[in-house]
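Only the coordinates and a few stated rules stand behind these numbers; no lab work does. A quick note: this is a predicted structure, and the numbers were derived from the prediction, not measured. Here the Cβ is made from the backbone with ideal geometry for all residues, glycine too, and neighbour counts use every protein chain on show.
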Amino acid sequence: MSKKSILTEYWEFLKYRKKFWLLPILVIMMGLGLVLYFAQTSTVAPFIYTLF
């Protein structure tokens, strides 16, 4: 069994099943994850908290 990354497998799933409408969902979830990560680990946290 070859070792593929999750993103590679996800992209192949989208191509094969032709479900490209799922791509914006992934992008938004990754963006929110990055915002939450930086909200915990940076000095910008007080400014990010005011957005929510």
Suppose R0 equals 22 Å; then what is the FRET efficiency for Lys4 and Leu26 from their Cβ-Cβ distance, rounded to the nearest 0.05?
0.85
How much length, in nm to one decimal, is gained on full extension between Lys19 and Thr41, taken as 0.36 nm per residue of separation minus their Cα-Cα distance?
4.4 nm
